[in-house]
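What follows draws every value from the coordinates through simple rules; no lab data is involved. The model shown is predicted, which means the values in this text are computed figures rather than measured ones. Glycine gets a Cβ as well: all are built from the backbone with ideal geometry, and neighbour counts include every protein chain shown.
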């Protein structure tokens, strides 16, 4: 083997070893690198109960209710499997809406309500003009109707 | 004229070639970025959810792509440099580093500007954003490292090893949105599923990306010519050029 081939082999072996080490580290860290817990994970007891954590999911349709007189908002966060009620006092981001993603930071209280002190909106990776979104929505509804009929 | 491609690995033959390529890539970059910016502001439609604010995507995403791609190219040059002991490879990596660092910074900066109105925050420590910040530190660390070693050959080798060790960060950045829960949304352009993006928006983003490519090549070639002159200043052909200008 020529010297340059030896050097190439050495580099490739070192890179493979480095890749494996990184894989093992990331594997060991696992879910600790996740930014938030889903409602299912919280109900399964994977989220901390004694300190602040983040809860992420969809804002359930028809669940947002505003209190009279102050900025308190209550809504339900769901991952289409389990859901958790959330209460938040403050200004919501513009993209916050029913049926949209959100991430809240806070703590569970004794009644099983998540008391949030920060709410962020999470949007999806799809971009289109409003007409197209409306047309896709209508198409989706038509498809649902034809399957239920 | 050199008869085979390996002769271009000699700084003396590459210097004039790079000089001839610079105007072409500069013109392509100016045209594509001008057309891309015009389309970003006036042609691409308003988004159904984010309104006009989403338009920062046309700078944000191509800049983020370039930040990762330039790093991979630099790592590739490092392998070539270590294996073939070619001086020019290290010079190419060195020439690309400031552009890569700039695009990383632009991606983080535009991301903060986009995050504030849409998510409601300038910055979060989620996996995507944190790993991109680490990429910025890798670029700055590489620039500082090769700058701090006076012996060029040792400096080049140390820089190459740093670049190769840091290359594990690139798949982490790219796949972070799939591997972990993040505030950052997933990739719009997917390899294994349908891309849901309006065609005009997609074309605009790709034009901007090609413009950034051409810009990166042009400035890297300009920079590598300066590096060649600095490093080869003892060579007779460099003395002739410098003598002409002096």
ask   = GNM on chain B, C-alpha springs below 10 Å: top fluctuator among B:53, B:100, B:166?
value = B:53
message = Along the Cα→Cβ direction, 7 angstrom out, place labels at residue A:146 and residue A:29. What is the inter-label distance in nm?
response = 4.7 nm
request  = Once you have a ≥ b ≥ c as the square roots of the Cα gyration tensor eigenvalues for segment B:58-245, tell me rounded if a/c is under 1.5, and otherwise prolate or oblate according to whether a/b is larger than b/c.
outcome  = prolate
message = Taking the 0 to 90 degree range and rounding to the nearest ten, how far is the long axis of helix B:127-148 tilted relative to the main principal axis of chain B, both from C-alpha atoms?
response = 20 degrees
query = Can you give the helix-only mean residue ellipticity at 222 nm for chain A, where every DSSP H stretch with n ≥ 4 adds -39500 (n - 2.57) and the sum goes over all residues, rounded to the nearest 500 deg cm²/dmol?
reply = -11500 deg cm²/dmol
task = Take the alpha carbon gyration tensor of segment B:1-160, find the square roots of its eigenvalues, order them as a ≥ b ≥ c, and report rounded if a/c is under 1.5; if not, report prolate when a/b exceeds b/c, else oblate.
result = oblate
message = Please list, in order, the residues from segment B:153-188 whose amide nitrogen is less than 18 Å from a point placed 7 Å along the Cα→Cβ vector of residue A:46.
response = B:176-184
task = Taking 7 Å along the Cα-to-C-beta vector as the label spot, tell me the residue A:22-residue B:168 distance in nanometres, rounded to one decimal.
result = 0.7 nm
key: Rounded to 10°, Cα long-axis angle of helix B:11-38 versus longest principal axis of chain B   = 20 degrees
key: Degrees, to the nearest 10: B:236-245 long Cα axis against longest axis of chain B   = 70 degrees
query = Say each of residue A:63 and residue B:72 gets a label point 7 Å from the Cα, pointing the same way as Cα to Cβ; how far apart are those two points in nm?
reply = 3.9 nm
note = Between residue A:89 and residue B:24, Cβ-based FRET efficiency (R0 41 Å, step 0.05) works out to 0.10
ask   = Per the helix-only calculation at 222 nm, which mean residue ellipticity applies to chain B, given -39500 (n - 2.57) for every DSSP H run of n ≥ 4 and division by its residues, nearest 500 deg cm²/dmol?
value = -25500 deg cm²/dmol
message = Whole angstrom only: what separates the Cα centroid of segment B:143-165 from the Cα centroid of segment B:186-230?
response = 27 Å
task = Specify the inter-centroid distance of segment A:1-59 and segment B:65-134, based on alpha-carbon positions, in whole Å.
result = 20 Å
Extended-chain gain in nm, criterion 0.36 nm per residue less alpha-carbon gap, residue B:161 and residue B:42 = 38.3 nm
remark   = Looks like segment A:6-139, by Cα gyration tensor root eigenvalues a ≥ b ≥ c and the a/c under 1.5 rounded cutoff (else prolate when a/b is bigger than b/c, oblate otherwise), is oblate
message = Calculate the FRET efficiency for residue A:109 and residue A:15 from the Cβ-Cβ distance with a Förster distance of 45 Å, rounded to the nearest 0.05.
response = 0.35
